[in-house]
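Visitor: Okay, here's the structure, questions in a sec.
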Amino acid sequence: MEAKAFAGWRFNEAIRAGIDGRLQAEIQDEARPSTTPTGRDYDLTAGPVVSWMVTRTFQLQALAGVAQPKKSDKTSPAGVLSASLDF
């Protein structure tokens, strides 16, 4: 299961900024739990983000925020740079 959310402001057709978050979790049968449960059973990345539509189909996005990795008890700063292509 994955949930994504964005709340922000569009400055023009190409630039927007705001808060972005992504939560990923695996769904499993509770009658058959995993053998060694350690840490969290989800992955979370969230924070302020800037998005730039370079062309009509190519987007760059930069996020600087926090991460809570799956199977860990740590919360740490995170930086993510991503590119996407819509067609």
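Visitor: Let's see if you can work this out: charge +1 on each Lys and Arg Cβ, -1 on each Asp and Glu Cβ, no other charges. What is the dipole magnitude of the chain about its Cα centre, in debye to the nearest 20?
Guide: In total the dipole reaches around 240 debye.
Visitor: Using 7 Å Cα-to-Cβ label points, what is the ALA83/ILE19 separation (nm, one decimal)?
Guide: 3.0 nm
Visitor: Pull out the extension gain between ASN12 and THR75, defined as 0.36 nm times the separation in residues minus the alpha carbon to alpha carbon distance; nm, one decimal.
Guide: Values: separation 63, 0.36 × 63 = 22.68 nm, distance 3.38 nm.
Extra length from ASN12 to THR75 when fully extended: 19.3 nm.
Visitor: Set Lys and Arg Cβ to +1 and Asp and Glu Cβ to -1, take the dipole of the chain about its Cα centre, and tell me which of ILE27, THR75, PHE11 lies farthest positive.
Guide: Result: PHE11, furthest along the dipole toward the positive end.
Every read-out reported here was derived from the displayed coordinates using simple, explicitly stated rules and does not represent laboratory data. Predicted, not measured: the structure shown is a model, and the values here were computed from it. Reconstructed Cβ throughout: ideal geometry from the backbone, glycine too, with neighbour counts over all protein chains shown.
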